[in-house]
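Chemist: Sharing a structure, written as structure tokens. Questions coming.
The values are calculated or read from the model by the stated rules, or taken from the named source; none is laboratory data. Quantities reported herein were computed from a predicted structural model and do not represent experimental measurements. Backbone-built Cβ (ideal geometry, glycine too); neighbour counts: all protein chains shown. Side chains are part of the model used for accessible areas, which takes the heavy atoms of the whole protein and leaves out ligands, DNA and RNA. Shrake-Rupley method; radii C 1.70, N 1.55, O 1.52, S 1.80 Å.
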Amino acid sequence: MMNLTQVTYFTLSAYFDTKVFKHLLFLILLCLYVLIIVSNVLLIVVICMTRSLHEPMYLFLCSLFVNELYGSTGLFPFLLLHVLSDVHTVSLSMCFLQIYCLYSYATIEFFTLAIMSYDRFLAICYPLQYSTRMTFNRIAILIAVTWLLALFIMCYTMLLTSSLQLCGNIINKVYCDNYYIVKLSCGDTTVNNICGLIGTVVTVFVPLTLIMFSYMRILKVCFSGCKQTRQKAISTCTPHVASLLNFSFGVCFEIFHSRFDMSSAPNTLRLFLSLYFLTFQPLFNPLIYGLRLSKIRHVCKRLLRSDM
């Protein structure tokens, strides 16, 4: 038995030898990372520099795009380094830093999507009161609370994990995962498991409940409202629903993968799905919002034409 303070590194055992495809895989991941950075930065700049986009929905989108950059930066440089390396070890401090980044990214993502659904609920169900309810100060407070609450929750999670006594240092994943470190513990992990379940409820199921409530009310208004109301709801809510479903699928698989035995699934499939919400969501969001929201699409087209 060894205290966590005696552990200097962890070994990531999910990597396998890709042989001649190593550099090809590196290039694919690098291109994906560059595309994520360019697409998200572009839309952040477009929203910040265009006065007509200084509306609640687009300001929340800006926070969402910043989070995509934050989450992908917590994964891709680490992943690119290990794809080329023959030794897949990571120091204790870097492992904890990655856990903090990735877990807080996922928490911020769900919180932001929940706030955006509430924003759409107010805009569609209470259009006359929308401007007075969703002021700039309230937007700033909601964004700040979203980020600070997520970062605080992860600080508490890291504090609990740092008190564990471990029987090993091998993590069966391609990136550091808090629950896998908890499973390495020799001691009692009841507190960690209970707090982990509470954290999952707070960061996943509470936001999903708010989202479901908001969209049930939106659907009710759409069915009883006029054609114009339905068109407005569809045009603004479709990207949000698509983003939510895409992210929820990846997160749900990751939760099942961590909590239950998924060894019967092919290794390549498990690896792909465990990385899905961390690699495709940061690219999916700028694409779906950039293509579906007409205001952003028109500004982007105007910028491209001016450059030409």
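Chemist: Considering region 141-188 alone, what residues qualify as being open to solvent by less than 70 Å² (accessible area, probe 1.4 Å), within 21 Å of Ala106 (Cβ to Cβ) and either in a loop (DSSP other than H, G, I, E, B) or of a type in the set (Phe, Trp, Tyr) (or both)?
Modeler: Scanning region 141-188 gives Trp147, Ser162, Lys173, Val174, Tyr175, Cys176, Asp177, Tyr179, Tyr180.
Chemist: So which of Tyr105, Tyr9, Tyr33, Tyr15 is of a type in the set (Ser, Thr, Tyr), out of contact with any Asp or Glu (no Cβ under 8 Å at 6 or more places or on another chain) and closer than 24 Å to Val201 by Cα?
Modeler: Selected residue: Tyr105, the only one of Tyr105, Tyr9, Tyr33, Tyr15 that is of a type in the set (Ser, Thr, Tyr), out of contact with any Asp or Glu (no Cβ under 8 Å at 6 or more places or on another chain) and closer than 24 Å to Val201 by Cα.
Chemist: Something else about it: Take Ala123 and decide whether it is out of contact with any Leu (no Cβ under 7 Å at 6 or more places or on another chain) and open to solvent by 20 Å² or more (accessible area, probe 1.4 Å). Step through it out loud before you land on a result.
Modeler: Working: out of contact with any Leu (no Cβ under 7 Å at 6 or more places or on another chain): yes; open to solvent by 20 Å² or more (accessible area, probe 1.4 Å): no.
Criteria not met by Ala123.
Chemist: In region 198-207, is there at least one residue being of a type in the set (Phe, Trp, Tyr), over 21 Å from the mean Cα position of the chain (by Cα) and not in a loop (DSSP other than H, G, I, E, B)?
Modeler: Within region 198-207, not a single residue is of a type in the set (Phe, Trp, Tyr), over 21 Å from the mean Cα position of the chain (by Cα) and not in a loop (DSSP other than H, G, I, E, B).
Chemist: Residues Cys31, Cys62, Cys48, Cys101: which one is at pLDDT 90 or above, closer than 18 Å to Trp147 by Cβ, open to solvent by 50 Å² or more (accessible area, probe 1.4 Å) and of a type outside the set (D, E, K, R)?
Modeler: The conditions single out Cys48.
Chemist: Of the conditions (1) open to solvent by 40 Å² or more (accessible area, probe 1.4 Å); (2) of a type in the set (Phe, Trp, Tyr); (3) in contact with a Phe, Trp or Tyr (Cβ under 8 Å, 6 or more places away or on another chain), Phe110 satisfies every one except a single condition; which number is it?
Modeler: (1)
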